[in-house]
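The values are calculated or read from the model by the stated rules, or taken from the named source; none is laboratory data. A quick note: this is a predicted structure, and the numbers were derived from the prediction, not measured. Cβ atoms come from the backbone with ideal geometry, glycine included; neighbour counts cover every protein chain shown. For accessibility, only protein heavy atoms count, side chains too; no ligands or nucleic acids. Shrake-Rupley method; radii C 1.70, N 1.55, O 1.52, S 1.80 Å.
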Amino acid sequence: QVQLVESGGGLVQAGGSLRLSCAASRRFFTSVAMGWFRQAPGKARDFVATIRWSGGLTLHADSVKGRFTISKDNAKNTVYLQMNSLKPEDTAIYYCASSPKFTGSEDQYDYWGQGTQVTVSS
């Protein structure tokens, strides 16, 4: 059983930074890419960013480009999301997930973490 465990969430003031981490209990051959998604209260879950394990190709949602950066450490089976210049509208539960494809489509992700809360105060 593969587990994805997020950490690093918390409360931060607008303009501040946080770094989220997602540790996989082990690498599994079906995992081609890792992604971050977020869900604000009363809203659908949205794509944030994704990264390929091999080669490091990345894709970021337009709403976070220039502010958030996804990265990885293959040796640690860990993916990160560096979030800078945070805004109140970034407040959400952030989830990491694994996919057999490099994609921003939520329905292509088959393993999910439990989520970590990020709250940005104005």
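In the context of the full set of protein chains, residues of the chain present 50 Å² of accessible surface per residue (probe radius 1.4 Å, heavy atoms only).
Roughly speaking, what is the stretch gain from VAL2 to THR103, that is 0.36 nm per residue apart minus the C-alpha to C-alpha distance, in nm to one decimal?
Difference between extended and current length: 34.4 nm.
Computed over the chain, relative contact order equals 36 percent, with contacts defined as Cα pairs under 8 Å that lie 6+ residues apart.
Label reach from LYS76 (point 7 Å along Cα→C-beta): in the stretch 29-66, no amide nitrogen lies under 12 Å. Share of the chain's accessible area from carbon and sulfur, percent, 1.4 Å? It is 48 percent, rounded to a whole number.
Scattering from the stretch 6-122 was approximated by placing one identical point on each alpha carbon and applying the Debye formula without solvent; log10 I(q)/I(0) at 0.14 1/Å stands at -0.50. Under the combined filter of DSSP loop state and at most 16 neighbouring Cβ atoms within 10 Å, the stretch 48-92 retains these trypsin sites (Lys or Arg not before Pro): LYS65, ARG67. Note on the chain: with a GNM built from Cα contacts shorter than 10 Å, the maximum mean-square fluctuation among ALA44, ALA61, ALA14 falls on ALA44. When the pairs LYS43/LYS101; LYS43/LYS87; LYS65/LYS87 are compared against a 22 Å limit on Cα-Cα distance, LYS43/LYS101 fall above it.
Largest GNM mean-square fluctuation across GLY55, GLY35, GLY104, computed for the chain with C-alpha springs under 10 Å, falls on GLY55.
Sum up the charges of everything whose Cβ sits under 13 Å from the Cβ of ALA44, counting Lys and Arg as +1 and Asp and Glu as -1, but leave ALA44 out.
Counting the neighbours of ALA44, the net charge comes to 0.
Taking chymotrypsin sites (Phe, Trp or Tyr not before Pro) across the stretch 9-45, the ones in a DSSP loop with at most 15 further Cβ atoms lying within 10 angstrom of their Cβ are PHE28, PHE29.
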